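These notes concern the structure reproduced below.
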Amino acid sequence: MTCDVLVIGAGAAGMAAALSALEAGAGTVFLIDRDTRLGGVLPQCLHSGFGEVIFRQELTGAQYAARWAARVEAAPICLRLDTTVLAVSPERRALLSGPAGVEEVSFRALVLAAGCREVPIGALALPGTRPAGVFTAGQAQRMVNLEGLTLGRDAVILGSGDVGLVMARQLTLAGCQVSAVVEQRERCGGLPRNYRRSIVECGIPLLTRTTVSRVHGAGRVRGVTLRQLDTGEERFQPCDTLITALGMVPERELLRPLGNPLPSWVFLCGNCHHIHRTVDTVSLQGAQAGREAAALALESGAAG
Ligand SMILES: Cc1cc2nc3c(=O)[nH]c(=O)nc-3n(C[C@H](O)[C@H](O)[C@H](O)COP(=O)(O)OP(=O)(O)OC[C@H]3O[C@@H](n4cnc5c(N)ncnc54)[C@H](O)[C@@H]3O)c2cc1C
């Protein structure tokens with residue numbers, strides 16, 4: 001199989017990139033995602049606050065994804081879901097694994113829109129056992145919103161960025177007691193609107209200059225030790241769930257074999273370029289990457 005532009009990842013960035021590559025004249029555009037649906041993290045975001053720039057409306061993440069997905073599905077894009085890109089080679093070939101088995105596709109330009117990874121709790125030097133009941137925020141959001149699962153009755157959230165705040169509110173609305181959002185810095189890390197909706201409106205205590213210094217429990221979390229960083233004072237906080245929102249790292253593993261600097265035919269966009277605060281900038285950057293990839297593909301097609 002061959003194509004002009006191969007887009008890896010069909011979240012906000014990848015969908016915009018594939019559409020704009022097509023509009024900019026690329027003949028064949030492949031859009032690949034290992035998930036079985038379009039949208040990346042968006043379908044699990046049921047809160048509003050998406051699309052204020054592009055649609056001039058406050059949509060939920062799922063609504064924002066649905067608008068873009070409708071355009072992708074109506075366009076002559078070669079869409080492969082449930083398909084993982086296993087490797088990309090310097091010879092401009094990608095190895096795919098999907099329902100049809102393992103296949104190779106050659107391309108002229110590559111857009112990497114593979115999103116990001118959450119920093120796991122293992123990244124902290126945290127003593128204690130590793131009981132059940134510890135989740136990253138994204139994992140928790142997916143389990144609650146897409147899989148309809150209940151995580152626990154009493155939670156502590158570690159990290160006050162937007163993702164931690166959104167989960168604090170959602171768990172509260174779902175009937176879980178959130179006893180604290182814990183933040184090592186001096187102030188809340190999230191957007192003012194998320195601070196208002198979660199901390200103020202839900203009445204959740206925000207403990208700044210504080211961290212979790214120990215996880216307790218055998219089998220299931222039964223509490224955490226909270227340490228005040230200025231005084232060193234520690235106290236036990238009972239909980240059966242610990243949600244970690246420790247930040248995100250761009251997902252670029254596939255590019256490793258391509259060396260540094262990257263070849264001119266590679267374009268990065270969305271959270272695998274840098275971690276964006278809002279989805280609008282992700283879509284705009286995706287569209288730009290798609291246009292640039294199409295231009296390079298057309299140029300190298302003419303030369304070859
Ligand atoms: C909890 C949460 C709340 C948020 N709240 C807001 C908000 O209120 N307002 C707002 O504007 N923004 C918000 N955002 C930010 C915004 O949703 C994201 O920045 C944006 O959706 C990221 O898009 P992306 O395409 O870069 O990545 P993703 O959506 O992560 O998409 C990457 C895709 O790549 C696929 N992929 C990765 N590797 C491979 C591979 N090897 N092979 C095949 N497929 C692969 C993945 O399956 C995934 O579908 C929020 C984000 C989160 C997580």
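Only the coordinates and a few stated rules stand behind these numbers; no lab work does. Since this is a predicted model, take the numbers as computed values, not measurements. Cβ coordinates were reconstructed from backbone atoms using ideal geometry, including for glycine residues, and neighbour counts include every protein chain displayed.
Key figures
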{"quantity": "Label-zone membership for the stretch 218-258, site GLN177, 7 angstrom Cα→C-beta point, backbone N under 19 Å", "calculated": "220-226, 235-243"}
{"quantity": "Tensor-based shape of the stretch 120-246 (alpha-carbon gyration tensor, a/c under 1.5 rounded, otherwise prolate or oblate)", "calculated": "oblate"}
{"quantity": "Whole-Å distance, taken between Cα centres, linking the stretch 143-208 and the stretch 267-304", "calculated": "33"}
{"quantity": "The chain, Cα convex hull volume normalised per residue, Å³", "calculated": "143"}
{"quantity": "Gain on full stretching of the segment that runs from LEU149 to ALA74 - 0.36 nm per residue minus C-alpha separation", "calculated": "23.7 nm"}
{"quantity": "Proxy reagent accessibility, fewest Cβ within 10 Å first, across TYR64, TYR195", "calculated": "TYR195, TYR64"}
{"quantity": "Estimated 222 nm signal from helices in the chain, with DSSP H stretches of n ≥ 4 weighted -39500 (n - 2.57), rounded to 500", "calculated": "-8000 deg cm²/dmol"}
{"quantity": "Neighbour-count ranking [beta-carbon atoms within 10 angstrom, fewest first] of ASP4, ASP154", "calculated": "ASP154, ASP4"}
{"quantity": "Contact order relative to length of the chain, as percent, for alpha carbon pairs under 8 angstrom and 6 or more apart", "calculated": "25"}
{"quantity": "Under 5 Å, built H, 5+ apart or other chain: amide partners of SER213", "calculated": "THR225, LEU226, ARG227"}
{"quantity": "Tilt relative to the chain, helix 162-173 - C-alpha long axis, 0 to 90 degrees, to 10", "calculated": "60"}
{"quantity": "Ascending count of other beta-carbon atoms within 10 Å, so fewest first, for LEU254, LEU146, LEU173", "calculated": "LEU173, LEU146, LEU254"}
{"quantity": "Mean Cα-pair separation over length for the stretch 120-246, i.e. relative contact order, pairs under 8 Å, 6 or more apart, %", "calculated": "34"}
